[in-house]
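A short worksheet on the structure shown next.
The values are calculated or read from the model by the stated rules, or taken from the named source; none is laboratory data. Owing to the predicted nature of the structure, the values given are computational and were not obtained by experimental measurement. Every residue, glycine among them, receives a Cβ derived from its backbone with ideal geometry; neighbour counts consider all protein chains shown. For accessibility, only protein heavy atoms count, side chains too; no ligands or nucleic acids. Shrake-Rupley method; radii C 1.70, N 1.55, O 1.52, S 1.80 Å.
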Amino acid sequence: VQTPRRAGSFDLWVHMEGTPGGQVYLPAKKHKALNRALALPDATLAKSAEVFRRNNKWYASVYVRCPLPEQQKSSGILGVDVGVRKSIFRSDGYRGRPIDRRVQARADRQRLGVTHRVGRSFQRQLLDAEARRAVSVARRCAYSLAVEDPARLPRWRGWAARHFAKRTVLLASIHGVPVRLVAPPYTSLTCSRCGHVDKLNRRKGGFRCQRCGFAHNADYNAARNIS
């Protein structure tokens, strides 16, 4: 990946060697995500790239190197839970945009052993945006972030939570925000007020404690438990 010497109508050259014609130079435009990464302090663009084709369009996947800052001191913890119907729910009461119904359809395909990535781009972009928003809030308020441990989430059911957690850990490390990985079992069945655990506490998207009567959205209750 090289900066053009003279031409100003595009941002980068992608120089490919070993092709049948010897060498190929592909003009490329920077994506806004790449511009955000290069705007980080002392960030540099890696010279190597992976060129691939998707939906009749050509893309180059590039990497940015940047030094990691020291983690900020934490004055509190912001918990985040990723639901199936809602993108995320934070312990401060923030409710994310709804995820397309294709999420459940994709989970069903994975459970049946179908692993292709049809219809995932929209959800990935939405979760990436929510991860950036959560890291920004935690950085501004001097909080740590608490998310479910991606290594302990089920493959066919928890892909959205895994993607969000991995993205959050990456962005948080770049901006110096501490992240705590929480074991996911029972976060949605435990009352965040009294700590009572019962399968009857949760009914679909709602939560009502069988002991103390605390009632709220199930994802919000899980976010409070994670925090």
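Of VAL169, VAL137, VAL147, which residue is in contact (Cβ under 8 Å) with a residue 60 or more places away in the chain, within 21 Å of LEU68 (Cβ to Cβ) and of a type outside the set (D, E, K, R)? It would help to see each step written out before you state the result.
Details: VAL169 fails: in contact (Cβ under 8 Å) with a residue 60 or more places away in the chain; VAL137 fails: in contact (Cβ under 8 Å) with a residue 60 or more places away in the chain.
It is VAL147.
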If I go through the range 187-223 residue by residue, how many of them are under 23 Å from LYS166 (Cβ atoms) and touching a helix residue (DSSP H, G or I) at 6+ places or on another chain (Cβ under 8 Å)? 2
Output the residues belonging to the range 1-23 that are in a loop (DSSP other than H, G, I, E, B), open to solvent by 30 Å² or more (accessible area, probe 1.4 Å) and modelled with pLDDT under 85. THR3, ARG5, ARG6, ALA7, GLY8, PRO20, GLY21
Which of (1) in a loop (DSSP other than H, G, I, E, B); (2) surrounded by 12 or more Cβ atoms within 10 Å (Cβ to Cβ); (3) touching a residue at least 24 places away in the same chain (Cβ under 8 Å) is the odd one out, the single condition LEU26 does not satisfy? (1)
Can you name the number of the only condition in (1) open to solvent by less than 60 Å² (accessible area, probe 1.4 Å); (2) part of a strand (DSSP E or B); (3) of a type outside the set (Val, Ile, Thr) that GLY83 fails? (2)
Counting only residues that are in contact with a His (Cβ under 9 Å, 6 or more places away or on another chain) and at pLDDT 95 or above, how many does the range 132-175 have? 4
If SER61 satisfies all but one of (1) modelled with pLDDT under 90; (2) open to solvent by less than 40 Å² (accessible area, probe 1.4 Å), what's the number of the condition it fails? (1)
Residue list for the range 181-191, restricted to those being at pLDDT 95 or above and open to solvent by less than 30 Å² (accessible area, probe 1.4 Å): THR190, CYS191
Can you confirm whether the range 65-77 contains a residue that is surrounded by 14 or more Cβ atoms within 10 Å (Cβ to Cβ) and either acidic (Asp, Glu) or part of a strand (DSSP E or B) (or both)? yes
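Identify all residues within the range 29-58 that are in a loop (DSSP other than H, G, I, E, B) and open to solvent by 100 Å² or more (accessible area, probe 1.4 Å); write none if there are none. Working first, answer last.
Going through the range 29-58, the residues in a loop (DSSP other than H, G, I, E, B) turn out to be 29-31, 39-43, 55-56.
Across the range 29-58, the qualifying residues are LYS29, HIS31, ASP42, ASN55, ASN56.
So, ASP92, is that one open to solvent by 40 Å² or more (accessible area, probe 1.4 Å), modelled with pLDDT under 90 and either out of contact with any Gly (no Cβ under 7 Å at 6 or more places or on another chain) or not in a strand (DSSP E or B) (or both) or not?
Values: open to solvent by 40 Å² or more (accessible area, probe 1.4 Å): yes; modelled with pLDDT under 90: no; either out of contact with any Gly (no Cβ under 7 Å at 6 or more places or on another chain) or not in a strand (DSSP E or B) (or both): yes.
So ASP92 fails the test.
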